[in-house]
Amino acid sequence: MRRAEKPGRLRGGTSADLQFLSVSELDAVIRAIPDEAVYPEPKPTRKGRPGPAPPPSPDVLGPVLRVVILAAAMTGLRQSELLGLRWRDVDWVAQRIRVRKPHVRGEHSTRGKSELSTKRSVPMAARLAGELDRWSKRTAYRADDELVFAHPQTGHALDRSKVSKRFKKACEDAGVRPVRFHDLRHTFATRLAAKGSRPD
């Protein structure tokens, strides 16, 4: 019991019921996110000025977000743990992911975490292993010490709020009931329960 995490206080409007996505809903959400960088067309005019508007910034996060969401649903890892994951933490032989340093408030830290929670591993399903292998060939940041889910342009950790917002939008675009990014952990637990298993 000493190792058990104290449940967080529910924010206003948050349902106390267990929220999760089915496998078909998860696939629909992932399909709603572009698998390539998107370069929006500039508007033909700019407000109050002659000539075309400057081109909008490209959307380069789609491919990495697809893999992050899949990893969250298939490992049960927290968002901070996923964003702090490095390639050396992926054990291809044992097909497990080692949890070491989560990314919290802009830095990698184990502050407030028990030794048990920061030195554990989770199984890596064949589907996830395949997607991570494909992602390792696409990303420019594939050295052992680099982040698995690095920003495609900077190599830095992804912004947690942007990941959550893009996940929520993908749920809306896919016509899937809205859930929090954190609820992907429940998706993992529910899938295991349906198979008669339990998380390590």
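Please report, ordered by residue number, the helices (runs of 4 or more DSSP H) entirely within the range 1-91 with at least 2 residues that are over 25 Å from Val148 (Cα atoms) and modelled with pLDDT under 90. Reasoning before the result, please.
Working: elements: 23-31, 62-75, 79-83.
Passing ranges: none, list empty.
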note = Output for Cβ contacts, cut-off 8 Å, separation at least six or different chains, first residue touching a residue at least 60 places away in the same chain (Cβ under 8 Å) and closer than 22 Å to Leu65 by Cβ in the range 25-49, second of a type in the set (S, T, N, Q) and surrounded by 12 or more Cβ atoms within 10 Å (Cβ to Cβ), reads Leu26/Thr187
message = When you check Phe167 against the structure, is it at pLDDT 95 or above, part of a helix (DSSP H, G or I), buried (at least 17 other Cβ atoms within 10 Å of the Cβ) and not polar (S, T, N, Q), yes or no?
response = yes
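What about Ala174, is it of a type in the set (A, V, I, L, M), surrounded by 14 or more Cβ atoms within 10 Å (Cβ to Cβ) and in contact with a His (Cβ under 8 Å, 6 or more places away or on another chain)? Talk me through it step by step, then tell me what you get.
Values: of a type in the set (A, V, I, L, M): yes; surrounded by 14 or more Cβ atoms within 10 Å (Cβ to Cβ): yes; in contact with a His (Cβ under 8 Å, 6 or more places away or on another chain): no.
No: the conditions fail for Ala174.
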request  = Hey, could you check the range 28-56 for residues that are exposed (fewer than 11 other Cβ atoms within 10 Å of the Cβ) and basic (Lys, Arg) and say which is farthest from the chain's Cα centre (by Cα)?
outcome  = Arg49
inquiry  = Looking at the range 75-97, I want the residues that are in contact (Cβ under 8 Å) with a residue 24 or more places away in the chain and on the phi > 0 side of the Ramachandran plot and have a partner that is among the polar types (S, T, N, Q) and crowded, with 20+ Cβ neighbours inside 10 Å with Cβ atoms under 9 Å, at least 6 apart or on another chain. Which pairs are those?
reply    = Gly76/Thr187
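Within the range 170-188, which residues are part of a helix (DSSP H, G or I) and either without any contact (Cβ under 8 Å) to a residue 60 or more places away in the chain or under 16 Å from Phe20 (Cβ atoms) (or both)?
At the first step, the residues of the range 170-188 found to be part of a helix (DSSP H, G or I) are 170-173, 181-188.
Hits for the range 170-188 are Ala170, Cys171, Glu172, Phe181, His182, Asp183, Leu184, Arg185, His186, Thr187, Phe188.
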query = Quick one: is Ala72 touching a residue at least 60 places away in the same chain (Cβ under 8 Å), over 19 Å from Arg180 (Cβ atoms) and not polar (S, T, N, Q)?
reply = no
note = Within the range 122-159, the residues that are surrounded by 12 or more Cβ atoms within 10 Å (Cβ to Cβ), part of a helix (DSSP H, G or I) and in contact (Cβ under 8 Å) with a residue 40 or more places away in the chain are Leu128, Glu131, Leu132, Trp135, Ser136, Arg138
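The values are calculated or read from the model by the stated rules, or taken from the named source; none is laboratory data. Quick caveat: nothing in here was measured; it's all calculated off a predicted structure. Quick reminder, even Gly has a Cβ in these numbers, built from the backbone with ideal geometry, and neighbours come from all protein chains shown.
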